[in-house]
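K.L.:
Below you will find the structure I want to go over with you.
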Amino acid sequence: MDRSLFTEEHQTFRTAFRQFVEREIKPHQARWREQGQVDREVWRKAGAQGFLCTWLEEKYGGPGADFLCAMIIMEELAYAYESGFAMGLHSDIIVPYIYSFGNEEQKQKWLPGCASGELVTALGMTEPGTGSDLAGIATTAVKDGNDYVINGQKTFISNGQLCDIVLVAAKTDLDPANAHRGISMFVVEANRKGFHKGQRLHKMGMASQDTSEMFFEDCRVPAANLIGAEGGGFMMMMQKLQQERLAVAIGAVAGAEQVLADTITYTKERKAFGKPISKFQNTQFRLVEALAKVEVGRAYVDKVVGEHVAGKYLVKECSMAKFWTTDMAQEVIDTCLQFFGGYGYMLEYPVTRAFMDARVQRIYAGTNEIMKVIVTKQLEL
Ligand SMILES: Cc1cc2nc3c(=O)[nH]c(=O)nc-3n(C[C@H](O)[C@H](O)[C@H](O)COP(=O)(O)OP(=O)(O)OC[C@H]3O[C@@H](n4cnc5c(N)ncnc54)[C@H](O)[C@@H]3O)c2cc1C
């Protein structure tokens, strides 16, 4: 499918990142899955080559490119079946909070490390008691002199082991009447007293991703670590969640695309009843249907990304792209897995892992049901 989104420079960037994937990612993937996290070193290598925070200006240590380069990275990681190296989460979901809402001093302090890979970030919103209902978080940050004292627990936090700084959502106003206006965002350095990383969680998929719990016990942070205005956290999250949803949609389409391509190859090679299974009409029709879905998804996501890059604020479109593409990817990968027969149930087969990896896309970054709640509100139904 021709894609008008990218310039020749973007294609050059894609080639360079693809080489990085071949050299620095693919040889290590099996080991990363085994150890439950990527190597710390690969973050620095990615930073050194300008693959982190692609959109960040040079004055903060970034390469000064754009979000389309970020999109290329997300796609290439999906093409390589790498679901644990959370470059997109770090570069395009978490760091933008510091960039957009941090003051100059905070930007100077943290952004260069984020771009170089010296600082790996995590985002702590979800808690054991609440995920979808962010206004219901129970973690508190109580002002004490020039500090805030944070208490609470977070769970399902990506990069939970490797992170050096965590952007934490906490309640600074405990009045239930101010649930939305009472949330603030803090940068907590991993070496702060009172901050503890919990166990890496055992997940269905994303084997190389160090998703973990986090604990805050009288964790004292200076007021200088407050990002944006006190009480502005909910507004910041609502603003930044559009790009997060789009990032998930980008990964979903690329993942489905790769699995489908590999399945087409497999069905031409695998024989049953004396002929390749690609010669059965059932195979042909199901693969054609899958291709149509992937291409429709690709066209829509490219359109929304184009408008997002042009500066439009697209709540409805990003939400629809997130739920539709992740449902589609799950369906397409399930269809593909069936053509692998028993091999499609074996963990050494990428299609099997892709099936398990895809499931979470319908859950995180706001569940697909929450996406529909958002679109419903947009329609004023
Ligand atoms: C692998 C993984 C990585 C993650 N990474 C991070 C991370 O880095 N940082 C972070 O903060 N969080 C992270 N999360 C958490 C994720 O964002 C939440 O799990 C998700 O938002 C859902 O919240 P919940 O699990 O509390 O489910 P709940 O909110 O309890 O939802 C349970 C069910 O109820 C449905 N539901 C809830 N409200 C409504 C409603 N109003 N209408 C209809 N249905 C509704 C939901 O759709 C869902 O099906 C991660 C999760 C996973 C699994």
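K.L.:
Dividing the alpha-carbon radius of gyration of segment 200-296 by 2.2 N^0.38 Å (N being the number of residues), what value is obtained?
P.N.:
1.84
K.L.:
For HIS180 and VAL373, FRET efficiency with R0 = 22 Å and r from the beta-carbon atoms, rounded to 0.05?
P.N.:
Efficiency computed from Cβ-Cβ geometry: 0.90.
K.L.:
Sort 250-257, 301-308, 217-224 by the packing proxy (mean of other Cβ within 10 Å over each peptide's residues), most packed first.
P.N.:
Final packing ranking: 250-257, 301-308, 217-224.
K.L.:
Cβ under 12 Å from LEU314's Cβ, LEU314 left aside: what net charge do those residues give with Lys, Arg +1 and Asp, Glu -1?
P.N.:
That works out to +3.
K.L.:
Further question on the same structure: Could you list which residues have their amide H under 5 Å from that of GLY198, counting only those 5 or more apart in sequence or on another chain, with H placed in the peptide plane?
P.N.:
Counting only residues 5 or more places away or on other chains, the set is GLU213, MET214, PHE215.
K.L.:
Right, something else. With a point put 7 Å past each Cα toward its Cβ, work out how far LYS275 is from SER100 in nm, to one decimal.
P.N.:
It is 5.4 nm.
K.L.:
Something else: Counting each DSSP H run of 4 or more residues in the chain as -39500 (n - 2.57), what helix-only mean residue ellipticity at 222 nm follows after dividing by all residues, to the nearest 500 deg cm²/dmol?
P.N.:
About -15000 deg cm²/dmol.
K.L.:
What ranking do 205-214, 135-144, 14-23 get when scored by the average of other Cβ atoms within 10 Å per residue, highest first?
P.N.:
Highest to lowest by the protection proxy: 205-214, 135-144, 14-23.
K.L.:
Using a Förster distance of 25 angstrom, determine the FRET efficiency expected from the C-beta separation of VAL315 and GLU57, and round it to 0.05.
P.N.:
Rounded to the nearest 0.05, the efficiency is 0.40.
K.L.:
Further, regarding this structure: Please state the relative contact order of the chain as a whole percent: Cα pairs under 8 Å, 6+ residues apart?
P.N.:
Averaging sequence separation for qualifying contacts and normalising by length gives 15 percent for the chain.
K.L.:
Stretch LEU347-LYS203 to full length: gain in nm at 0.36 nm per residue minus the Cα-Cα span?
P.N.:
Here the answer is 50.5 nm.
K.L.:
While we're on this one: Who wins for biggest fluctuation among GLY64, GLY124, GLY231 in a Gaussian network model of the chain, springs between alpha carbons below 10 Å?
P.N.:
Among GLY64, GLY124, GLY231, the largest mean-square fluctuation in the Gaussian network model of the chain belongs to GLY64.
K.L.:
Placing unit charges on C-beta atoms (Lys and Arg positive, Asp and Glu negative, everything else neutral), compute the dipole magnitude of the chain about its Cα centre in debye, rounded to 20.
P.N.:
The dipole of the chain has a size of about 880 debye.
K.L.:
If you project the alpha carbons of segment 1-151 onto the principal axes, what extent comes out on each, in Å, largest first?
P.N.:
Largest first, segment 1-151 extends 53, 38, 31 Å along its Cα principal axes.
K.L.:
If I take all pairs of Cα atoms in segment 285-368, what percentage of them are more than 19 Å from each other?
P.N.:
Tail of the P(r) past 19 Å holds 47 percent of the pairs.
K.L.:
Based on the mean of other Cβ atoms within 10 Å per residue, sort peptides 171-178, 314-321 so the most packed one is first.
P.N.:
314-321, 171-178
K.L.:
Measure nothing fancy, just the Cα-based angle from helix 8-20's long axis to the longest principal axis of the chain, in degrees from 0 to 90, nearest 10.
P.N.:
Between the helix axis and the principal axis of the chain, the angle is about 90 degrees.
K.L.:
Also: What does the chain give for Rg and for Dmax, in Å, if only its C-alpha atoms count?
P.N.:
Rg and Dmax of the chain, Cα atoms, are 21.2, 79 Å.
K.L.:
For segment 283-381, what does the relative contact order come out to in percent, with C-alpha contacts under 8 Å and a separation of six or more?
P.N.:
32 percent
K.L.:
Give me the one-decimal nm value for the distance between modelled label points at ARG18 and ALA224, 7 Å along each residue's Cα-to-Cβ direction.
P.N.:
4.6 nm
K.L.:
Would you mind checking segment 64-99 for residues with the amide N under 17 Å from a putative spin-label position 7 Å along Cα→C-beta of THR265?
P.N.:
Flagged as within label range: 76-82.
Each value in this text was obtained by applying a stated rule to the coordinates, not by laboratory testing. For clarity, every value in this text was computed on a predicted model and none was experimentally measured. Cβ sites come from the backbone with ideal geometry, for glycine too, and all protein chains shown count toward neighbours.
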